[in-house]
Number of protein chains: 2
Amino acid sequence: MLIGELAERTGVSTRALRHYEDRGLLVPARNSSGYRVYAESDIARVAQIRAMIAAGLGTALIVRYLDCARGGAHGVHLDMCPSLRAELDAVSAHLTAQAARLRETRARLAHLSAA
Amino acid sequence: MLIGELAERTGVSTRALRHYEDRGLLVPARNSSGYRVYAESDIARVAQIRAMIAAGLGTALIVRYLDCARGGAHGVHLDMCPSLRAELDAVSAHLTAQAARLRETRARLAHLSAA
DNA sequence: CTTGACCTTGACGCCGGCGTGAACCCGTAA
DNA sequence: TTACGGGTTCACGCCGGCGTCAAGGTCAAG
């Protein structure tokens with residue numbers, strides 16, 4: 001599968017896919033013409049990446065997540081995951097705090113329009 | 001109060017304060033030398049602004065919020081607030097969704113390290 | 001007068017996830 | 001051959017909230 005087809009089937013732009021390769025998130029094989037050749041399983045991988053980006057994670061963190069996932073699958077680097085999970089906790093805490101502050105702001109707005 | 005003092009008392013950099021003026025969030029008076037002169041009440045206003053930025057709101061939206069607040073205090077523009085509140089709802093929904101996705105990601109991680 | 005702390009207005013840099021050309025190769029169909 | 005719809009690698013642009021010089025004016029103290 002070439003990049004155009006993967007883009008179409010995942011709904012992700014070719015530019016984004018190339019960007020993911022730059023960041024080491026999804027590195028495809030190459031054919032004799034230098035074209036990127038993707039596997040079927042890469043569709044799922046793209047979905048994973050998109051979900052994590054949508055969750056507010058940066059590509060640098062996602063790379064480590066994928067490494068952790070691969071390591072975990074082979075039973076190696078099991079001690080790397082906890083530190084990563086700690087980072088995810090931190091990001092999660094930030095989002096929670098932001099949501100709380102936003103709720104407070106909305107409360108003030110409601111108070112204003114009630115007055 | 002000059003900008004340095006306000007910066008010190010609020011913990012916000014002078015650069016940020018000037019930036020807020022550029023964005024129309026906090027426009028101080030000027031003395032004969034062209035120096036920015038802030039009122040005591042601006043300390044509270046800066047706190048407001050900081051809270052809203054921390055909540056993930058952009059300056060463009062915050063300007064409208066402040067206008068709405070002033071308008072609300074005078075009983076004018078009461079019809080502007082609802083649309084603003086809708087935008088706040090949208091931002092809030094985004095944050096909530098991100099938090100949910102992040103939880104999902106963390107769950108997958110936990111699943112991996114357990115396997 | 002000089003120093004030094006504080007103020008002024010530009011204006012460029014950064015980060016991050018891409019969009020958007022530019023300029024060029026590949027392979028197939030007409 | 002030509003055209004065309006793929007692909008390729010740079011490389012600059014954008015947004016947003018500032019950091020960080022740069023090049024000066026202001027003013028009280030020594």
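Taken together, the values in this text are just the output of simple stated rules run on the coordinates, not laboratory data. In this text the structure is predicted, and so the values were computed from the model without any measurement. Virtual Cβ from ideal backbone geometry, glycine too; neighbours counted across all protein chains shown.
Evaluate the relative contact order of the stretch A:1-112 (contact order divided by residue number), counting alpha-carbon pairs under 8 angstrom at least 6 apart; express in whole percent.
Values: 66 pairs, mean separation 20.9, N = 112.
With pairs under 8 Å counted, the relative contact order is 19 percent.
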**Study point:** Segment A:Glu40-A:Arg108, length gained on full extension (0.36 nm per residue, minus Cα span)
**Key:** 19.4 nm
**Study point:** Dipole-positive endmost among A:Tyr35, A:Val46, A:Gly11 within chain A (Cβ charges, Cα centre)
**Key:** A:Gly11
**Study point:** A:Leu26 long-range amide H proximity, modeled H, under 5 Å
**Key:** A:Glu21
Study note, to complete from the structure: Sorted by chain and then number, the residues having a modelled amide H within less than 5 Å of the amide H of B:Val37, at least 5 places away or on another chain, are B:Ala29, B:Arg30, B:Asn31
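Return the tail of the calculated pair distribution for the protein assembly as shown, meaning the percent of Cα-Cα pairs more than 24 Å apart.
Details: 16091 of 26335 pairs.
Pairs farther apart than 24 Å: 61 percent.
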**Study point:** Percent of Cα pairs exceeding the 20 Å cut-off, where the set is chain A
**Key:** 56
Check your understanding: To the nearest 10 degrees, how steeply does helix A:41-54 sit against the main Cα axis of chain A, on a 0 to 90 scale?
Key -> 20
Point to revise | Per-residue HN-Hα couplings for the stretch B:12-17 [Karplus 6.51, -1.76, 1.60; θ = phi - 60°; Hz; x = Gly/Pro] | key: 9, 5, 4, 4, 5, 4
